[in-house]
1. Of everything in region 69-117, what is exposed (fewer than 15 other Cβ atoms within 10 Å of the Cβ) and part of a helix (DSSP H, G or I)? Give them in sequence order.
2. Report whether or not residue 49 is assigned to a loop (DSSP other than H, G, I, E, B) and either at pLDDT below 95 or within 22 Å of residue 82 (Cα to Cα) (or both).
3. Against the conditions (1) closer than 16 Å to residue 9 by Cα; (2) in a loop (DSSP other than H, G, I, E, B); (3) modelled with pLDDT of 90 or more, where does residue 37 fall short? Just the number, please.
4. Can we say residue 3 is assigned to a strand (DSSP E or B) and in contact (Cβ under 8 Å) with a residue 12 or more places away in the chain?
5. With the condition kept exactly as written, say whether any residue in region 125-143 is surrounded by 15 or more Cβ atoms within 10 Å (Cβ to Cβ), under 14 Å from the mean Cα position of the chain (by Cα), at pLDDT below 90 and assigned to a loop (DSSP other than H, G, I, E, B).
């Protein structure tokens, strides 16, 4: 069994590839989704963009995911202690030493694996790009837009 976790605020190809890679490390994949309050602590007051229940439902809809749990603690330590997975997999932007120190329960006997990073696919980058290039205002209909009956 493999466990991984994250905010998964706007699902993108980096998330999907990481989850597929995590799933390849075992027979079952459990994904921990950070609760809304925790995402605000990590990402700022304007996040999450999508509520935890909806983020969890989207993650659960992926073929590589077997179960989803939400957690509000600063780290998935409690989830790891309760589930006792064989592998704890986390994004490649997390140093192994930090994962071992912050996330793991003292008696964790599983393997810790870093997943590869997919450059340019972070949700924060997507949000920044959207804010920098807002959609133009809707165009008002003209007479030529009307259909004749």
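1. Of everything in region 69-117, those that are exposed (fewer than 15 other Cβ atoms within 10 Å of the Cβ) and part of a helix (DSSP H, G or I) turn out to be 78, 81, 82, 96, 97, 98, 100, 101, 102.
2. Numbers: assigned to a loop (DSSP other than H, G, I, E, B): yes; either at pLDDT below 95 or within 22 Å of residue 82 (Cα to Cα) (or both): yes.
Yes.
3. (2)
4. Values: assigned to a strand (DSSP E or B): yes; in contact (Cβ under 8 Å) with a residue 12 or more places away in the chain: yes.
Yes: the conditions hold for residue 3.
5. Within region 125-143, the first condition is being surrounded by 15 or more Cβ atoms within 10 Å (Cβ to Cβ), and the residues that meet it are 126-127.
Cutting the leftovers down to under 14 Å from the mean Cα position of the chain (by Cα) gives us 126.
Imposing the further condition that a residue be at pLDDT below 90 reduces the set to 126.
If we keep only those that are assigned to a loop (DSSP other than H, G, I, E, B) too, we end up with none.
No: zero hits.
The values are calculated or read from the model by the stated rules, or taken from the named source; none is laboratory data. This one's a predicted model, so the numbers in the text were calculated from it and none came from an experiment. Here Cβ is always computed from backbone atoms with ideal geometry, including for glycine, and neighbour counts include all displayed protein chains.
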